Amino acid sequence: MVERPRGMPIYEQIASHRGWLDVPLKTFTCGGLFKNKNPPEMVEQATRTLSASPGSASAIWNFPLYGHMRACSMLHHSTWNDQVRFRVPVGWLWFLFCIFLGVRGFAAVPFNLQGPGVNPNDFRVTVFASGLDFPIGMAQLSDRSLLVGITQGANFFSGTGKIIRFADTNDDGIADGPGTIVYSNLPSSQSAVRVAGNLVLTTGQTQPITVLRAGPAPDSPLTFIGRFGINYPGAWYHPNSALGLRKTPGRTNSYDLLFQLGSDSNFGVTTRTASLTNINIPGAAGPLHGDSVYLLTLEDHSTNVTAGNLMRLASGVRNPAGFAFHPTTGDLYFQDNGIDGLVDANEPLSADELNFIARTNLTEPAGFFGFPSNYTTYRTGAVVGGAGIQPLIAFQPLPSPATGHESEGANDVVFAPPGFPDGLNNGLFLGFHGRFNSGGLSNEENPLVFANPSNSSYFHFIEGQQPGFGHLDGLLATRDALFVADMVSSGNTGNGAAAGVIYQIKSLVLPVPPNLKVSSSTQLTWDRGVLQESTKVSGPWVDVVDAFSPYELQTAAPQKFYRTRY
């Protein structure tokens with residue numbers, strides 16, 4: 001049987017059935033390892049609690065430590081009972097499906113999903129929104145609607161920046177309409193959007209970072225607070241374009257924002273400096289070195305925003321235009337673009353990279369990552385120099401570095417949705433821009449890549465050089481879906497009005513629940529999801545603030561119960 005997540009319309013499984021369609025009724029199951037003979041009534045209560053919880057979950061509860069740990073570990077997931085089902089004629093479902101199509105048509109998707117262990121039938125792929133002007137940056141709001149940054153006009157570098165909100169109230173993977181403009185007064189080349197509590201942050205290539213405040217409702221217009229940006233001393237080969245974001249550990253209404261100041265040339269140490277200046281964001285100031293990643297802490301005081309703690313996190317980087325914090329460990333992952341070819345710019349000297357900074361090392365002095373004299377040679381894989389922190393992955397053509405399918409110009413990077421199928425929920429997705437102004441068959445370098453940093457493996461989840469899309473530059477991961485923004489399907493950033501498309505790739509199967517376990521007498525570990533706690537096994541459950549795996553339990557603390565959710 002094909003598992004069907006809660007809320008998925010029946011018609012979405014029609015294509016995989018013939019004749020009669022079995023529609024199982026939903027049940028819940030619990031199982032697991034029980035230690036120290038926990039009372040049956042507690043197990044029964046936990047079963048009821050987990051059965052009522054949304055989605056997939058795992059749970060551990062512990063008791064005060066008096067010389068030893070008493071714990072119960074239970075795994076829970078929604079399943080479909082094969083014994084109880086009803087049958088519906090597929091013909092009737094097909095008739096209803098066709099009526100639905102008549103009311104609202106589905107646009108064609110120009111690519112297929114592929115790769116080792118990938119079953120395309122495990123996903124629903126839809127055109128979420130189309131006819132857009134250069135969409136790249138995306139962020140999700142509390143009501144699951146999306147904010148999307150666009151640059152209105154035919155030219156990405158000279159248009160008008162705007163933020164549009166899209167809703168999908170029936171969860172069919174298609175936006176309810178053309179979207180609502182919630183902010184208009186932005187510069188061109190918009191490339192990143194992030195949500196930090198009640199704040200919305202946006203920027204574009206060479207453009208300042210604009211700080212906006214959300215209104216009382218998700219569809220309320222955004223209001224301007226201030227902005228800060230980089231004062232460049234002249235032309236700069238790799239200016240700022242990306243944003244990374246995390247909640248500041250140990251503080252409330254505080255957020256750590258990442259941005260890059262890349263190299264000012266293709267292949268050389270940057271000796272010039274720039275500076276950070278601001279409008280109405282006190283504290284957003286200071287000198288900046290090239291070849292770097294910076295962190296700036298923002299404090300939201302409800303009526304204004306201040307900044308501080310400007311910190312250089314990484315040096316020796318060329319153009320790190322995508323950041324992602326691991327949602328479970330808090331570690332930072334970021335990409336870096338390789339050196340363009342010295343003879344043929346389209347044949348790189350060095351490979352694009354995936355790099356890593358542990359959460360405990362997100363401090364100064366900055367780690368050195370090797371650029372420009374230390375790199376992995378494109379195609380051969382030879383390591384030149386060898387100094388600095390080596391990348392987790394250096395991306396080469398597949399399957400053969402000499403003749404295989406290429407991936408060049410890494411842009412956005414996100415951790416996979418935790419609700420994706422097993423094997424695809426434990427890594428990252430990276431979008432590769434490829435040839436700058438080319439799309440379709442003329443762009444052989446623009447795949448969407450899945451990478452597993454635990455074993456340095458990677459493959460093309462969406463193969464590049466296909467008709468119908470140009471640059472899959474923008475990515476957003478939600479609980480069980482990946483949004484992919486093609487900034488301009490023709491590939492031409494200088495003449496691409498209404499050629500932008502956003503796709504939704506949604507999982508149709510339930511993965512194995514998160515693996516929450518007691519790894520030592522006082523330590524919890526889990527592989528994905530958010531740790532929650534409660535004083536009672538029946539709840540209410542709340543997220544544990546600043547919890548990263550591994551998580552140390554306080555032996556003298558009152559009794560608590562733990563579970564993970566995603």
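The values are calculated or read from the model by the stated rules, or taken from the named source; none is laboratory data. It should be emphasised that the depicted structure is a prediction, and the values quoted were computed from it without experimental measurement. Here Cβ is always computed from backbone atoms with ideal geometry, including for glycine, and neighbour counts include all displayed protein chains.
Need at least 1 residues that are surrounded by 18 or more Cβ atoms within 10 Å (Cβ to Cβ), under 17 Å from the mean Cα position of the chain (by Cα) and among the basic types (Lys, Arg) per element, so show me which strands (runs of 3 or more DSSP E) inside region 126-205 make the cut, counting only ones lying wholly within it.
Working: elements: 138-140, 146-152, 160-166, 180-186, 190-196, 199-204.
Because the criterion is at least 1 residues that are surrounded by 18 or more Cβ atoms within 10 Å (Cβ to Cβ), under 17 Å from the mean Cα position of the chain (by Cα) and among the basic types (Lys, Arg), the strands (runs of 3 or more DSSP E) in region 126-205 that meet it are 190-196.
Just checking, how many residues over region 490-526 are in contact (Cβ under 8 Å) with a residue 12 or more places away in the chain and either β-branched (Val, Ile, Thr) or under 26 Å from residue 556 (Cα atoms) (or both)?
Here is the first cut: in region 490-526, the residues in contact (Cβ under 8 Å) with a residue 12 or more places away in the chain are 490-519, 521-526.
Then keep just the ones that are either β-branched (Val, Ile, Thr) or under 26 Å from residue 556 (Cα atoms) (or both); that gives 493, 501-502, 505, 509, 512, 515-519, 521-526.
Residues that pass the stated criteria total 17.
The rows are residues; the columns are (1) touching a Phe, Trp or Tyr at 6+ places or on another chain (Cβ under 8 Å); (2) not polar (S, T, N, Q).
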{"site": "306", "(1), (2)": "no, no"}
{"site": "334", "(1), (2)": "yes, yes"}
{"site": "345", "(1), (2)": "no, yes"}
{"site": "362", "(1), (2)": "no, yes"}
{"site": "368", "(1), (2)": "no, yes"}
{"site": "375", "(1), (2)": "no, yes"}
{"site": "378", "(1), (2)": "no, yes"}
Return the residue satisfying two criteria in turn: it lies in region 138-165 and is in contact (Cβ under 8 Å) with a residue 60 or more places away in the chain and touching a Leu at 6+ places or on another chain (Cβ under 8 Å), and of such residues it is farthest from residue 495 (Cα to Cα).
-> 141
Give the residue, chosen from 450, 459, 483, that is modelled with pLDDT of 95 or more, surrounded by fewer than 22 Cβ atoms within 10 Å (Cβ to Cβ), among the hydrophobic types (A, V, I, L, M, F, W, C) and not in a loop (DSSP other than H, G, I, E, B).
-> 459
Taking the options 336, 344, 352, 331, name whichever one is of a type in the set (Asp, Glu) and over 24 Å from residue 237 (Cβ atoms).
-> 331
Selection from region 459-471 of residues that are in contact with a Leu (Cβ under 9 Å, 6 or more places away or on another chain) and free of Cβ contacts under 8 Å to residues at least 60 places away in the same chain = 464
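Working carefully through the options 419, 464, find the one that is surrounded by 19 or more Cβ atoms within 10 Å (Cβ to Cβ), small (Gly, Ala, Ser) and under 19 Å from the mean Cα position of the chain (by Cα).
Numbers: 464 fails: under 19 Å from the mean Cα position of the chain (by Cα).
Answer to the selection: 419.
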In region 352-387, what residues are touching a Lys or Arg at 6+ places or on another chain (Cβ under 8 Å) and crowded, with 18+ Cβ neighbours inside 10 Å?
-> 366, 371, 372
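Residue check: is residue 431 in contact (Cβ under 8 Å) with a residue 24 or more places away in the chain, closer than 19 Å to residue 499 by Cα and of a type outside the set (Lys, Arg)? If you could, list the steps in order and put the result at the bottom.
Numbers: in contact (Cβ under 8 Å) with a residue 24 or more places away in the chain: yes; closer than 19 Å to residue 499 by Cα: yes; of a type outside the set (Lys, Arg): yes.
Considered against the rule, which asks whether it is in contact (Cβ under 8 Å) with a residue 24 or more places away in the chain, closer than 19 Å to residue 499 by Cα and of a type outside the set (Lys, Arg), residue 431 comes out as yes.
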